[in-house]
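The values are calculated or read from the model by the stated rules, or taken from the named source; none is laboratory data. Not measured: the values here are computed from a predicted model. We place every Cβ from the backbone using ideal geometry, glycine too, and count neighbours over all the protein chains shown. For the accessible areas, the whole protein counts, side chains as well, though only heavy atoms, and no ligand, DNA or RNA atoms are used. Shrake-Rupley method; radii C 1.70, N 1.55, O 1.52, S 1.80 Å.
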Amino acid sequence: MADSATVQAAAPTDSGAVTTQVDEQPGFKVFAGNLSYSTTDEGLKTFFSPVEQDIISSQVIFRGTRSAGYGFVAFNTAEAAQKAVELLNKKELDGRTLIVEVAKPPEEKEKKAKRAPKKRNSSKKPKA
């Protein structure tokens, strides 16, 4: 397994949930989605072989012991990442058509995750 991320620490939050901080590897990341559960880090790296000279690392993301169905490949340059997207988006790996796109920055993901949950209308009284 390539180590594109290194776990630093797990710390409880105010709500009691445990969060894990991840030290990201530098580079330009490409998201690869719709992966087969059998796809490995090496298989993902091999799929990106048309631009392999610019690959820093590749990682299939797991939830527990099973693949989450997506992964990331880090590149040295933005141009290499864009070339990988152009060459490999909608190509087949392990019997599945992959979605390959430039990964969104962590700030964008955090904005989406911090949306306030919808509140139920508590002004209505239950019918008797």
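Numbers for the structure displayed
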item	result
Subset of the stretch 83-110 [more than 15 Å from the chain's Cα centre (by Cα), farther than 13 Å from Pro50 by Cβ and not in a strand (DSSP E or B)]	Lys90, Asp94, Gly95
Residue match in the stretch 45-67 (condition: small (Gly, Ala, Ser), open to solvent by 60 Å² or more (accessible area, probe 1.4 Å) and modelled with pLDDT under 95)	yes
